[in-house]
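Please read the structure below before turning to the comments.
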Amino acid sequence: MAHPAGIGSVKPDGWAYQRSPMIVYWELTNACGLACRHCRATAMPDPAPGELTTAEAIALLDDITGFADQAAGEALPHVVMTGGDPLRRADLAELIAAAQSRGIGVSLAPAVTPLLTRERIRWMKDIGIQAISLSLDGSDAARHDGVRMVPGTFDATLEALDTAAEFGLPVQVNTLVTATTAGDLPAIHELLARHTLQQWSLFFLISIGRGTELTELAPGEAERVLIWAQGLSRTSPFRVKTTEAMHYRRLGAAALLRAGKSKEEVEAHPMARAFGIRDGNGIVFVSNTGDVTPSGFLPLAVGNVRESSLVSLYRDDPTMRSLRDPRMFKGRCGACEYNDWCGGSRARAYAWTGDVLESDPLCPYQPKGAR
Ligand code: SF4
């Protein structure tokens, strides 16, 4: 799964996550021509039975308009159409047009397969797709294709990146961070710096789906990567962010506080636009069959859009509500003075302990309140 450019972290003023997510990640299909070693969706060559029909998908878009009162100037969530490979949905153009006609902005997370042609990328720009995401997991073909499991994907990814830049289509590049890929991150950054992109997201592996075949970093190693990324973010030609490593924000905020900034000044800093966004708080996920989960990496369905309104499930489900309240968190995340800005990966807490409210095991921080 991917998180397109500039939309996973920009918190407009006054956005209230208890009322509306900023982003709905919508897995249009789990069909995909790749078989990535970490795939959350455990993607298949052909669509699984039970995918939402076109009519059901359009009903979901109608439902999403209920998140905001557009007449009163409220903004609707952005929809990221992901997969699997969203290009495998025959009605993709119809769904994009239906979303846009309802005032819903759309980004795409296509897989890099022969379907992602130069013409298709130009089409995305022409129809008003706001951004796309591409995955790059190695600094050379052997490393990247070893994760994506299809030879030639490395070269095709860089070609797609350059084509998107040529047409002025913003790109977020996602890179998987595991015990195997962490040492390659500086070389990947060096490679990306020779291309044009808006944002680089370091996705810290969570062991779900096919991701259980790979190894997560140990907390101390993850901390070193995050400190390195914080330093890099000051000089990188593109924005550097993380996915499912929310404590990146703790490091950034702590550096500002050490430099003498007040809490108010930290909250006014551009980095604060990402504060608070985590599984179920600011984001929500809809699977190809309509199951609603707090994120794509937290496989705890709170309902299905075939039976319930996504708006009601997001706002009112008790699990979803608890994910938005740091006072409910347990252990170190519960005691942490940063838990409103960070809150940890609820998905990783669930993967490791079975409890969405437990501490994020990837974060080694010892909160003042827990000492
Ligand atoms: S202890 Fe939890 S809330 Fe605090 S920085 Fe670590 S992950 Fe974030």
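The values are calculated or read from the model by the stated rules, or taken from the named source; none is laboratory data. Just so it is clear, the model here is predicted, and its values are computed rather than measured. Note that we place each Cβ from the backbone using ideal geometry, even for glycine, and neighbour counts take in every protein chain shown.
General observations
- Conditions (1) in a loop (DSSP other than H, G, I, E, B); (2) under 21 Å from the mean Cα position of the chain (by Cα): number failed by Ser322: (1)
- 1 or more residues within 16 Å of the ligand (Cβ to nearest atom) and either surrounded by 18 or more Cβ atoms within 10 Å (Cβ to Cβ) or modelled with pLDDT of 95 or more (or both): qualifying helices (runs of 4 or more DSSP H) within region 185-301: 219-233, 248-258, 263-268
- A single entry from Pro4, Pro12, Pro21 fulfils the requirement of being modelled with pLDDT under 95 and crowded, with 23+ Cβ neighbours inside 10 Å: Pro4.
- Number of positions in region 147-162 that are free of Cβ contacts under 8 Å to residues at least 60 places away in the same chain, out of contact with any strand residue (DSSP E or B) (no Cβ under 7 Å at 6 or more places or on another chain) and either within 19 Å of Glu244 (Cα to Cα) or not charged (D, E, K, R) (or both): 5
- Extreme residue, surrounded by the most Cβ atoms within 10 Å (Cβ to Cβ), among residues of region 163-172 that are of a type outside the set (Gly, Ala, Ser) and more than 25 Å from Thr242 (Cβ to Cβ): Thr163
- Among the residues making up region 319-371, those that are among the polar types (S, T, N, Q) and within 12 Å of the ligand (Cβ to nearest atom) are Asn339, Ser345, Ser359, Gln366.
- Close pairs (7 angstrom Cβ cut-off, 6 or more residues apart or separate chains): farther than 13 Å from Asn281 by Cα in region 310-329, within 16 Å of the ligand (Cβ to nearest atom) and assigned to a helix (DSSP H, G or I) anywhere: Met328/Ser322
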